[in-house]
Every structure is written in structure tokens, then in C-alpha cells.
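The values are calculated or read from the model by the stated rules, or taken from the named source; none is laboratory data. From a predicted model like this one, the values you see are computed outputs, not experimental measurements. For neighbour counting, all protein chains shown are included, and Cβ atoms are generated from backbone atoms with ideal geometry for every residue, glycine included. Ligands, DNA and RNA are excluded from the accessible area calculation, which covers all protein heavy atoms including side chains. Shrake-Rupley method; radii C 1.70, N 1.55, O 1.52, S 1.80 Å.
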Amino acid sequence: MIGRLNHVAIAWPDRESWLKQLEFLQARGIPFHRRINHGMTHSVYISDPDGHGIEVLYELPRDVWEHDIDAAQNYAEILPTEGAAALEDRTEGLPVFKAR
């Protein structure tokens, strides 16, 4: 069986530059397939011209997820993929993952 690449992730250094990148992509008509807040990252999923999946993300502060990485990796908040709502990014009231 030949291996297959699921997607490539590109991490932006901070929230502000990530939001600018989302605006740039949306302004050029790049469809957002998924917009999701994970427990460790906030992400948007797009495709390159050849159909390869690309995740564009920024990592949340370590203190949000470091105490229960498993729960943070499995957390998913699905968000809108179109319009102004796809460019919104909430920073208050985020879940904090703590080991039990």
C-alpha cells in the first residue's frame, strides 16, 4: 500500500498574523473547507491548486493545554467557513485543559 499525505500544517507565529492570513485567503476567493478551534490551535483548512489539504493555524498559549494534551487534541469547536464570521476568533472564555 502506498502512503498518502492527509494534510500539511502551516503555523503562524501569533494570532494577529494568522488573522491577516485568513483575510488574505478569503479576499482571494480561497474556500475554507473547515474552520475549527482545537484545544491547542485555531485552524482553517484549505486546499492547494492540486487538491492537497493545508491547515493554516496558530497555537494557543501553552498554559491552556499543557496539563491535558490528550483532551486538548481531541477538542473541536466547528465555526463558520464563509463571510465575516469565518474571520472571527474568540480569545476569551476558551476551555482550559487540566489533568483529572
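When shorter helices are ignored and each DSSP H run of at least 4 residues is given -39500 (n - 2.57), the per-residue value for the chain at 222 nm works out to -6000 deg cm²/dmol.
Using a cutoff of 8 angstrom between alpha carbon atoms and counting only pairs six or more residues apart, the relative contact order for the chain works out to 31 percent.
Averaged per residue, the chain has 67 square angstrom of accessible surface, using a 1.4 angstrom probe with ligands and nucleic acids left out. Using 0.36 nm per residue and subtracting the Cα-Cα separation, the extra length available between LEU94 and ARG34 on full extension is 19.7 nm.
Please report the carbon-and-sulfur percent of the accessible area for the chain; probe 1.4 Å, protein heavy atoms only, DNA, RNA and ligands left out. That fraction is 53 percent. With both labels modelled 7 Å from their Cα along Cα-to-Cβ, the ILE10 to ASP50 distance reads 1.5 nm.
Distance from the C-alpha centroid of region 5-42 to that of region 45-63: 5 Å, rounded to the whole angstrom.
Here the chain carries DSSP beta bridges of which approximately 70% are antiparallel, counting only pairs with both residues inside.
Eigenvalues of the alpha-carbon gyration tensor of the chain, scaled by 5 and square-rooted, set the equivalent ellipsoid semi-axes at 24, 18, 11 angstrom, largest first.
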